[in-house]
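See below for the structure under consideration.
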Amino acid sequence: TAACVIKGIPEGTREIVLTGATSKLGRAVALYLCEKGVRVLMASRSSQRVAKIVAEAPEECRHLLQHIDDVTDARCASVRQWVAGSLLSRKQQSNPPLGAHFHQFVVPPLTPYRRDCTYGKLVSMRLPVNDVRGLRACEMTMERGVVHACHAGAIVHTLQGWTHHEVGGIDVSRIDTVWDAALKHGFSLAS
């Protein structure tokens, strides 16, 4: 799931707003992106939890992980890429600039209040067309042949014969490996 969130963010993005920043997925996204030079405004009511994540980042990247109490913080008003890992109210969604995009790993998905912004779907992957048999699944909220990213991740782990799992913290150093394996098996980003 972390890989799908990250790969859904346009190349060249220099800053994002991240809600759900101290969740398992939020932590992984923040750490990965700061190592790529992206400033991450981490929305959380807990400065201690944010500080713990910042301490995990390489020292030269820590300045890119910045705590904000709420997305109505003035620093968020010009950021065009928002990654929603927690619900955003109508008031909170009013803060991004015209044309901003909301990437989502929040369940249930955001109610789109803004017509002048775009809203991504929950992160998902298109199943391989020919390489994998018996996986023509249809999930209630997805079109046929598309599954939630977490389900695609489980399938990739099985196809690779991996025994590690993502119970607990996500190993940020494995995100690219998992992404490459998904592509090798014919998965593609659907959301």
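The values are calculated or read from the model by the stated rules, or taken from the named source; none is laboratory data. Here the structure is a predicted model, which means the values were calculated and not measured. All Cβ positions, glycine included, derive from the backbone under ideal geometry; neighbour counts span all protein chains shown. When the accessible area is computed, the model is the full protein with side chains, heavy atoms only, and any ligands, DNA or RNA have been set aside. Shrake-Rupley method; radii C 1.70, N 1.55, O 1.52, S 1.80 Å.
Amide H to amide H distances under 5 Å link E15 with R39, where only residues 5 or more positions off or on other chains count and H is placed in the peptide plane.
The helix-only estimate of mean residue ellipticity at 222 nm for the chain, built from DSSP H runs of length n ≥ 4 each weighted as -39500 (n - 2.57), is -8000 deg cm²/dmol after division by the residue total.
Normalised per residue, the accessible area of the chain is 53 Å², obtained with a 1.4 Å probe and no contribution from ligands, DNA or RNA. Each other residue within a Cβ distance under 10 Å of A100 adds +1 if Lys or Arg and -1 if Asp or Glu, for a net charge of +1.
For region 31-118, dividing the convex hull volume of the Cα atoms by the residue count gives 96 Å³ per residue. Taking each residue as 0.36 nm, the span from Q48 to T163 lengthens on full extension beyond its C-alpha to C-alpha distance by 38.2 nm.
I'd like the antiparallel share, as a percent to the nearest 5, of DSSP beta bridges with both residues in region 33-191.
Details: 5 of 16 bridges.
Around 30 percent antiparallel, to the nearest 5.
Over the chain, the fraction of Cα-Cα pairs per 10 Å bin, rounded to whole percents and listed from the shortest bin up, is 9, 36, 35, 17, 3, 0. Sequentially through region 22-31, phi angles give Karplus couplings (6.51, -1.76, 1.60; θ = phi - 60°) of 9, 6, 4, 5, x, 4, 5, 4, 4, 5 Hz, Gly and Pro residues having no value and appearing as x.
For the chain, the Cβ-based charge dipole about the Cα centre amounts to some 480 debye (Lys, Arg positive; Asp, Glu negative; other atoms uncharged).
So, R0 is 30 Å and r is the distance between the beta-carbons of A55 and R114; what FRET efficiency does that work out to, to 0.05?
On the way: r = 35 Å, r/R0 = 1.16.
Once rounded, the FRET efficiency stands at 0.30.
Rolling a 1.4 angstrom probe over region 5-124 with all protein chains present gives an accessible area of which 51% lies on carbon and sulfur atoms.
Below 8 Å, C-alpha to C-alpha, sequence gap of six or more: please give me the relative contact order for the chain in percent. List each step's numbers first, then the result.
Numbers: 333 pairs, mean separation 40.4, N = 191.
With pairs under 8 Å counted, the relative contact order is 21 percent.
Amide H contacts of H67 (H built 1.01 Å from N, in plane; Pro and chain starts excluded): M42 sit under 5 Å, all sequence-distant by 5 or more or on other chains.
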